[in-house]
Each structure stands twice: as structure tokens, then as C-alpha cells.
Number of protein chains: 2
Amino acid sequence: MKIESVDFFYLSMPEVRDIGDGSQDMLLVRVRAGDHTGWGECEAAPLPTIASLVCPMSHSACKPVAASVVGQRLDAVEDIARISRAVRENSLDLLQAAHALSGVEIALWDLLGRRYETPVHALLGFSRTYPKTAYASALFGDTPEETEAKAARVRADGFRAAKFGWGPYGRGDVEADAAQVHAARAGLGQDALLLVDAGTVWGSDVEAAAARLPALEECRVAWLEEPFVGGALESYRRLAGRAATVRLAAGEGAHDPHLALHLIDHAGIGYVQIDTGRVGGIGPARQVADYAVRRAVTFVNHTFTSSLALSASLQPYAGLADHALCEFPVEASALARDLTPTPITPDADGQVAVPEGPGLGLDVCPEAVRGYLLDVEITVGGTTLYRTPALTT
Amino acid sequence: MKIESVDFFYLSMPEVRDIGDGSQDMLLVRVRAGDHTGWGECEAAPLPTIASLVCPMSHSACKPVAASVVGQRLDAVEDIARISRAVRENSLDLLQAAHALSGVEIALWDLLGRRYETPVHALLGFSRTYPKTAYASALFGDTPEETEAKAARVRADGFRAAKFGWGPYGRGDVEADAAQVHAARAGLGQDALLLVDAGTVWGSDVEAAAARLPALEECRVAWLEEPFVGGALESYRRLAGRAATVRLAAGEGAHDPHLALHLIDHAGIGYVQIDTGRVGGIGPARQVADYAVRRAVTFVNHTFTSSLALSASLQPYAGLADHALCEFPVEASALARDLTPTPITPDADGQVAVPEGPGLGLDVCPEAVRGYLLDVEITVGGTTLYRTPALTT
């Protein structure tokens, strides 16, 4: 097959609020080749990512992403790696290209799987898949009471694990943060797994993060996520050395598998969290998962949006029995929910199964989200480089 | 002062060729506050970077860059760091924001320097500056003969150091590469400093790079630049261990000072090359320079475009006597040359002085480059988010 088109669609909730909810807009990717269509999603700011798809060339290592994809052959798994390498090389100096590539790469896997009527995890070489324990991923409430109620609700919904993050956490004092964590544990009950996400709030300040460790360990929090920005390897390493039971988790910002490997090698993390919509797609995420296995670090997905993004994020470790946790967004927007009529849902035991249909195993329903589509037009030097295409299958 | 406006201008040569010449287009930044104007330049793909300035908010950690800058107070050096921190936090998930921030941060330094009639290097705390030995930065010729002629010309022009890179290097066999390096040495003469830039051509393949070491060492090449992509720390470390006299240089792609620190800590490099137009601006570049001093690594600028970009890239190590090399683009486009009527030029001894005028010490002449300006218009959901502003002082 020859890749005929790569289209990006900017979808958005009518109102985007100033909160840590990444599901309020979406950059949907459609790739067409032969008689087949593949779907993907970039976990990215839509407008700059669209611009990186279609911008004029700046020089030989700063080309638009589309230039390395459209017209390429796509017949086998190796073609996806070849196309991805071309994007990395030809768009080396185009920073945003990594996020654009991620959604495109996911759509290429979906397309190839649909053509061969095979799930992506099988194309990746996994002979079987293992269900994952879904952890409900939610924002901290504005008050401990609100957090406790949220946690109780999550538990009542059947989840056996939950993560709370962002909101007020890390923005007040040590006691306020402790109250939030204790509230989450109280609402969740003693037997569920509790995780906390600090959302890089302490920058690289080890002491600020270390002051929160006692409450986290008292409440048997399994991981503290992103106390620091992703690049602060040394701060991570020092904090990891001061924690008794809580492990550190990081990696969601990695826009290249190398960055995740650095966290594994030099930051002392216990969990590496990969967003396939940022790291370059499913292939690079699989590379990180394989490396995590070798280094006894647990791989886990990062996903805050749709079932499409969730399926993509599950593929790279679908066959790894010992890597058994899965982020599951419980507060996703209507936009993220509407994209797939039969979304991925946890079973009564709080387990999520990796979809078994061809490609990413999900029906994508463009009609259901057409109301969220934003018309975008980009013109440079009198030439229209992008105009929102018709959103159809 | 209050920051009143941040404007981006996309300038381009009439024809952009598919070669490794990064001066073929330009993203010029103008910041206005009080009665003052500051200029900066992003080393970035212009269109996605403009999009990152003006895009709609996606969530609390994915906001357009302008939102964290316009309206802010700018009275002291500390304000620049505060504004930069705000951009990093508020645009955490917007990858391209780092490149946008870089040009804006440079313009803030220029503006502050003009207001206080002080050079930026003095604002940075340097009590004096040291001239740098300019190395002529050029592309390899298509043939060894062409490279030798280029090298001879560079030497005749008074340069005491030269770097050749990109073009055919690393794309043919080991012998072809050796012939290119020998040609460069022959043209340059025995006493000049010779540097080679592989432009990440070997990805992470240590053996491919190691096969080139004998010719590089025979020709007394001082550094081999970017044999691998920036993230391949382990490949760098292994290659460094196999080199006898040639040192490794890297860092130009760092869009965050952390990434440069990782190269210093874990990649065994001898030279760290920082582009202020990518790393977040002059402040972050200074952080890297300070760290390089502590770790006995040599700091050097990366610049391939205008005198404005060159001045910005010299400021972070202007006062460091032992860090005495400076990349000087000798094949910059007419666009890059026309921006400043009195450009930075090496003296008869091949030395470059850091400009001593206020701010970046250069007159920026918008009238002279107006012919290169591209009209850009970006509309989302019926609202025009960007239209090329009038290019005036």
C-alpha cells in the first residue's frame, strides 16, 4: 500500500477550563492507504502540531512531518519504523514533530492491523495479552473532603487502585498536602492501591518533595509521580535515595525513547510512565517497555483522554504479565468519551482487557464528534497550507 | 515596565534549498515594554513556533507562550527568570514552547539592556569579556576538492579555526569520509584548528562512528560533533572511551538546560555546544556554562544564522577566558546578513569581540529585511489568532 493522506483534526470542548484535565481538546489523526483507514491521537497542543505537519521546510533537517510520510510504502511492521526514522531525521530541528509523529505512528499501526485483520499487540509479537489492573486517574479535590468523596466513589465503582494528582497538591504547605493524601486513603479504604501525582510542582527542589514523604509513606502510597520536571534526573535520584517504601514514577513527558531510558538509568525511578501519543508512538514505547523489563523497572501507560489513546498506550506492554497496572481516565470529557461508541471499560473486578479486534480494536466514530471539530486555516505567503478536512471515516 | 507586546516575524529567503543551511529562514522576535524595544531570534521552525505563541489553551499546563509573557513586569534580571519559569510551567505539555521561549527570553535581555544602557554580559555579572577565536562554520563540499578549496578560502580569510559538517559526510563509506577530512586539513594548513560535524548521521551506532576515528585523529581534528542524536548518551560515552585524541562535542539540540547537563554528566563529551535560540535563551545557557566550568567541559556557542543570534549566543560565556572558541557562520544567507547593518566580524587575527553596546549591542534594521517577510494568517474556529504584524522598530 502507498500512504495517500495524513489528516489532522482539532477537536475541542466548547469551553476549555484552566485545570489539569488533558481531555478537553484532542488532535485526531487519520491515515489512509489502499482501501484502509487508520486512526491515532497525538497527546499534544493541536495547533502547533498541525503546523508541524504542514509547515514550509526550513532546511534539510527541518522539514514538515507530512513530507516524510505521505507517499511512503506501508506493507509491514518494518515500514513503520522506517517512516518514523525518516521523520526523526528530516524533522530533527522541529521540536513539535515528535508529538505529530506520535499520533501518525499510532494510526499507521491501526491501519496495518486493520489491513491484516490482526490486533496491534500481535503485530508487536505478543502471543497473548494480560489484563491490567485499572487505576482510576483523577484530580485531587479542592478540599480533603472533596478528595475523600471522590476516592469513595472510585472505590464504589469497582476500582482497586486510584491516583490523585494536580489540583492543590504541592501548592500549599506540607500539612495541607498530608491532609489531602490521608483523605484519599480514607475514601479509598485500606486495601486499594493509592498513587499520588505531584505534576512537577517542585521543579527540582529535593527538600520540598522530601518533606512530603512521611505522609505518603504513612498512607502506603505506592508511587509518587513527577515530583520534579522530567529532566531533573539528579533530583529524582536523590529523592529516591531518601524514600523508604514509596517509589518514584515519571516519564510521561518523554517525547523520545532516549529520555525515558535516561530516567531508568539515572533517576532511580521504580515506574516508567509512557504516553504513546508523545514518545513517538507504539514502536518507541515498546522499546522503553523492553528496556524497563531488563532494568527491573515497571512499565505503565500514561493516558488521560480517549479509549483510542488508551488502546494505543496498552499495546506496548500488552503481553508483559508482570507489568500489570494501567492508567484509566475516569474524568475524561464528553469529547474523549464520544469518539468510540464501545469504549474500553474495566470489568467488575477492576481489570481492563486489551482490545482484541483488528488494529487498535476500536470503532472510531467521526460522526459522533463532528460537533467538536474546529475549523482551522493556516496561510503562509499567500498559500493555504492547512484547512480542516472533512471528518469522515 | 510592563510588557506590552510580543511579536513574531517569519522571514525567509525566496528559495529554501534542501541542504543543511539553517540560515535560510528566520523567526525574529520583537518585545516592547515602556518606550523600549528588544529583539531576539528563535532557532526554530517558524510556523509551529508562531502557533505555540498564540494557540488556544489545551489545559492548565498547556497554554500559549504569549499568555505567560504579555502584561508581565520587566524591571530587573530576576523578572526574566520569573517569566521563563512561568512559560515552562504553563506550557509544560507544549513541546514547541521551548523554542518560542528562547527567542522571547533573548529579546527580554536585549530590552532590559537597552533600558539600562548596559550590555547583556554586564547584566549577567561578567566584569569583563574575552574575545573568542572564531571558527568558520561551513558545510562539507560535495567532493573533497570542493572541501579543500573551501578550507583554503577560509584560511585566506584569516580564520584560525574551521569546522566542516553535514553534506556527504557519514553518508558514504569510511574511505570517502577520510578523504573529506584529509581535504579539509590540506586546505586549512597544518597549524589551524580543525573540527568535524557529523550531524547525528550515525543515530546511535557506535561502530559506524568509531570507524571514522583513525582519519579524524590522523588529521588532528579537535572535536567530532554530533556523531549521534542528542539522547544517545550511552553511545557517546562508549565512543568517547575509544577515542585517543579527538573529543566529542554535542548539545545544540538541547531545548532545556537539563538535557545539556545530561550530556556533561553521562555522555563523556569534551565540549558542550549551546544554541541560546533553543535552550530557553541566555539565562539557561548561562546555567549550562557555569556547570561546564565546574565539570571541566568547554562551553561553546552554536550559531548558524545572524549576528543577532551570534551576539545572544556569546553572552552566556562572554566573561569565561578559558572557553575561547566561537562558532562563526561564514555561509549565512543574505537574510541573516541583512538584519544588522553593522554585523559582528572577526578581526585580522581571527578573533571575535563580544559587542559592547547596550543589550545585545547591535542595531537591528527591520527595513532591510522587510522584503523577506512572509504574510502568515492563522484562524481557529472563526477567530484570527495570528496575522503578521507590521515589521518596524
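The values are calculated or read from the model by the stated rules, or taken from the named source; none is laboratory data. Given the structure is predicted, the values throughout are model-derived calculations rather than measurements. In this analysis, Cβ positions are derived from the backbone assuming ideal geometry, glycine residues included, and neighbour counts consider all displayed protein chains. Ligands, DNA and RNA are excluded from the accessible area calculation, which covers all protein heavy atoms including side chains. Shrake-Rupley method; radii C 1.70, N 1.55, O 1.52, S 1.80 Å.
One table, with the values for the structure above:
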| quantity | calculated |
| --- | --- |
| A:H262 assigned to a helix (DSSP H, G or I) and free of Cβ contacts under 8 Å to residues at least 24 places away in the same chain | no |
| Residue among A:E377, A:E367, A:E356 that alone is over 23 Å from A:L53 (Cβ atoms), open to solvent by 40 Å² or more (accessible area, probe 1.4 Å) and touching a strand residue (DSSP E or B) at 6+ places or on another chain (Cβ under 6 Å) | A:E356 |
| Restricting the stretch B:281-309 to residues that are closer than 22 Å to B:A97 by Cα and either in contact with a Cys (Cβ under 8 Å, 6 or more places away or on another chain) or not in a helix (DSSP H, G or I) (or both), the residue that is most open to solvent (accessible area, probe 1.4 Å) | B:F304 |
| Residues that are more than 8 Å from every other protein chain (Cβ to nearest Cβ) and farther than 19 Å from A:P329 by Cβ, drawn from the stretch A:1-13 | A:M1, A:K2, A:I3, A:E4, A:S5, A:V6, A:D7, A:F8, A:F9 |
| Criterion (modelled with pLDDT of 95 or more, in contact with a strand residue (DSSP E or B) (Cβ under 8 Å, 6 or more places away or on another chain) and closer than 22 Å to A:L95 by Cα) met by exactly one of A:V293, A:V288 | A:V288 |
| Enumeration of residues in the stretch B:211-237 that are surrounded by fewer than 18 Cβ atoms within 10 Å (Cβ to Cβ) and basic (K, R) | B:R220, B:R237 |
| For B:C326: the one exception among (1) surrounded by 15 or more Cβ atoms within 10 Å (Cβ to Cβ); (2) touching a helix residue (DSSP H, G or I) at 6+ places or on another chain (Cβ under 8 Å); (3) at pLDDT below 95 | (3) |
| Filter result (open to solvent by 20 Å² or more (accessible area, probe 1.4 Å), under 20 Å from the mean Cα position of the chain (by Cα) and either at pLDDT 95 or above or aromatic (F, W, Y) (or both)) within the stretch B:128-156 | B:T129, B:Y130, B:P131, B:T133 |
| Filtered residues of the stretch B:212-253 (kept if on the phi > 0 side of the Ramachandran plot and more than 14 Å from every other protein chain (Cβ to nearest Cβ)) | B:R220 |
| Checking B:E331 against (1) open to solvent by less than 20 Å² (accessible area, probe 1.4 Å); (2) part of a loop (DSSP other than H, G, I, E, B); (3) within 14 Å of chain A (Cβ to nearest Cβ), the condition it does not meet | (1) |
| Scope the stretch A:334-349; condition surrounded by 22 or more Cβ atoms within 10 Å (Cβ to Cβ) and of a type in the set (G, A, S); matching residues | A:A336 |
| Some residue of the stretch B:165-172 being at pLDDT 95 or above, surrounded by 15 or more Cβ atoms within 10 Å (Cβ to Cβ) and not in a loop (DSSP other than H, G, I, E, B) | no |
| Verdict on A:D93 being touching a residue at least 60 places away in the same chain (Cβ under 8 Å), over 18 Å from the mean Cα position of the chain (by Cα) and assigned to a loop (DSSP other than H, G, I, E, B) | no |
| Test for B:A390: is it at pLDDT below 95, over 22 Å from A:L385 (Cβ atoms) and either open to solvent by 60 Å² or more (accessible area, probe 1.4 Å) or not assigned by TED's automatic domain parsing to the domain that holds B:L28 (or both) | no |
| The lone exception for A:V16 - which of (1) free of Cβ contacts under 8 Å to residues at least 24 places away in the same chain; (2) surrounded by fewer than 24 Cβ atoms within 10 Å (Cβ to Cβ); (3) more than 8 Å from every other protein chain (Cβ to nearest Cβ) it fails | (3) |
| Options B:L95, B:L124, B:L112; residue that is touching a Lys or Arg at 6+ places or on another chain (Cβ under 9 Å) and away from every other protein chain (no Cβ under 14 Å) | B:L124 |
| Exclusive hit being part of a helix (DSSP H, G or I) and either in contact with a Cys (Cβ under 6 Å, 6 or more places away or on another chain) or under 29 Å from B:E146 (Cβ atoms) (or both), set B:G277, B:G241, B:G199 | B:G277 |
| Which listed residue is closer than 17 Å to A:G361 by Cβ, outside any helix (DSSP H, G or I), in contact (Cβ under 8 Å) with a residue 24 or more places away in the chain and not assigned by TED's automatic domain parsing to the domain that holds A:I50, from A:Y130, A:Y135 | A:Y130 |
| Scope the stretch A:267-280; condition within 16 Å of A:A98 (Cα to Cα) and hydroxyl-bearing (S, T, Y); matching residues | A:T276 |
| Subset tally (residues that are assigned to a strand (DSSP E or B) and facing chain B (nearest Cβ under 8 Å)) for the stretch A:19-42 | 1 |
| Verdict on A:H266 being within 24 Å of B:Q287 (Cβ to Cβ) and either surrounded by 24 or more Cβ atoms within 10 Å (Cβ to Cβ) or more than 14 Å from chain B (Cβ to nearest Cβ) (or both) | no |
| Pair list, Cβ < 7 Å and 6+ apart or interchain, from the stretch A:208-219 residues that are part of a loop (DSSP other than H, G, I, E, B) to residues that are open to solvent by 40 Å² or more (accessible area, probe 1.4 Å) | A:A211/A:V174; A:R212/A:V174; A:C219/A:H182 |
| Any pair with Cβ under 8 angstrom, 6 or more apart, that starts in the stretch A:223-247 at a residue that is β-branched (V, I, T) and ends at one that is assigned to a helix (DSSP H, G or I) | A:V229/B:R88; A:V229/B:H258; A:T245/A:E217; A:V246/A:L213; A:V246/A:L216; A:V246/A:E217 |
| Count of residues meeting criterion [within 13 Å of chain A (Cβ to nearest Cβ) and not in a helix (DSSP H, G or I)] in the stretch B:43-84 | 13 |
| Qualifying position, being touching a residue at least 40 places away in the same chain (Cβ under 8 Å), within 30 Å of A:L139 (Cβ to Cβ) and open to solvent by 10 Å² or more (accessible area, probe 1.4 Å), among B:V6, B:V70 | B:V70 |
| Contacts under 6 angstrom Cβ, first residue in the stretch A:186-203 being within 12 Å of chain B (Cβ to nearest Cβ) and more than 16 Å from A:S137 (Cα to Cα), partner assigned to a loop (DSSP other than H, G, I, E, B) and of a type outside the set (A, V, I, L, M, F, W, C), 6 or more apart | A:T200/A:E226; A:V201/A:G170; A:W202/A:P227 |
